[in-house]
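The values are calculated or read from the model by the stated rules, or taken from the named source; none is laboratory data. None of the values given here were measured: they were computed from a predicted structure. Cβ: placed from backbone, ideal geometry, glycine included. Neighbour counts: every protein chain shown.
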Amino acid sequence: MESNENRRRFLRLPFQVEVELYRPGGETCVVWTEDLSKGGVLLLMNGHENWPPVGTKVQIRVAGMLDCGERGPLVDATVVRHTENGIALSFDSPCECRGP
């Protein structure tokens with residue numbers, strides 16, 4: 001049987017950054033990422049209650065200002081699963097980034 005790691009469409013990289021999570025109804029919280037891929041992100045929800053249910057549409061953005069003095073873009077995502085420490089999101093429009 002194939003492991004979950006072997007079935008992933010995109011490579012996951014450890015990546016810790018503070019992000020703002022925007023939930024339906026206007027509720028916002030600040031959380032940390034654990035890992036990131038072109039298809040989604042794992043958010044650590046430590047200390048936050050009432051996690052958005054699987055299937056919920058949310059938005060995320062890097063917390064604070066970017067180096068250019070602007071806020072980061074809002075990224076649309078869907079909660080695809082809960083883990084012991086957080087929630088996994090799938091980006092609604094996967095990144096079209098290309099390597100060098």
Note down all Cβ pairs under 9 Å where the first residue falls in segment 20-38 and is farther than 19 Å from residue 92 by Cβ, the second is acidic (Asp, Glu) and at pLDDT 95 or above, and they're at least six residues apart or on different chains. 29/20; 30/18; 30/20; 32/18
Determine whether residue 54 is at pLDDT 90 or above, surrounded by fewer than 15 Cβ atoms within 10 Å (Cβ to Cβ), hydrophobic (A, V, I, L, M, F, W, C) and in contact with a His (Cβ under 9 Å, 6 or more places away or on another chain). yes
Is it true that residue 55 is under 20 Å from residue 93 (Cα atoms) and part of a loop (DSSP other than H, G, I, E, B)? yes
Assess whether residue 92 counts as being in contact with a Ser or Thr (Cβ under 7 Å, 6 or more places away or on another chain) and modelled with pLDDT under 95. yes
Evaluate the following for residue 47: is it under 19 Å from residue 10 (Cβ atoms) and either surrounded by fewer than 13 Cβ atoms within 10 Å (Cβ to Cβ) or of a type in the set (Gly, Ala, Ser) (or both)? no
I'd like the residue in segment 1-19 that is at pLDDT 90 or above and assigned to a loop (DSSP other than H, G, I, E, B) and, out of all such residues, is surrounded by the fewest Cβ atoms within 10 Å (Cβ to Cβ). 16
Quick one: in segment 28-44, of everything that is in a strand (DSSP E or B) and of a type outside the set (A, V, I, L, M, F, W, C), which residue is nearest to residue 12 (Cα to Cα)? 35
Could you tell me how many of the residues in segment 58-82 are more than 12 Å from the chain's Cα centre (by Cα), surrounded by fewer than 14 Cβ atoms within 10 Å (Cβ to Cβ) and part of a loop (DSSP other than H, G, I, E, B)? 7
Among the residues of segment 23-43, is there at least one that is at pLDDT 95 or above and surrounded by fewer than 13 Cβ atoms within 10 Å (Cβ to Cβ)? yes
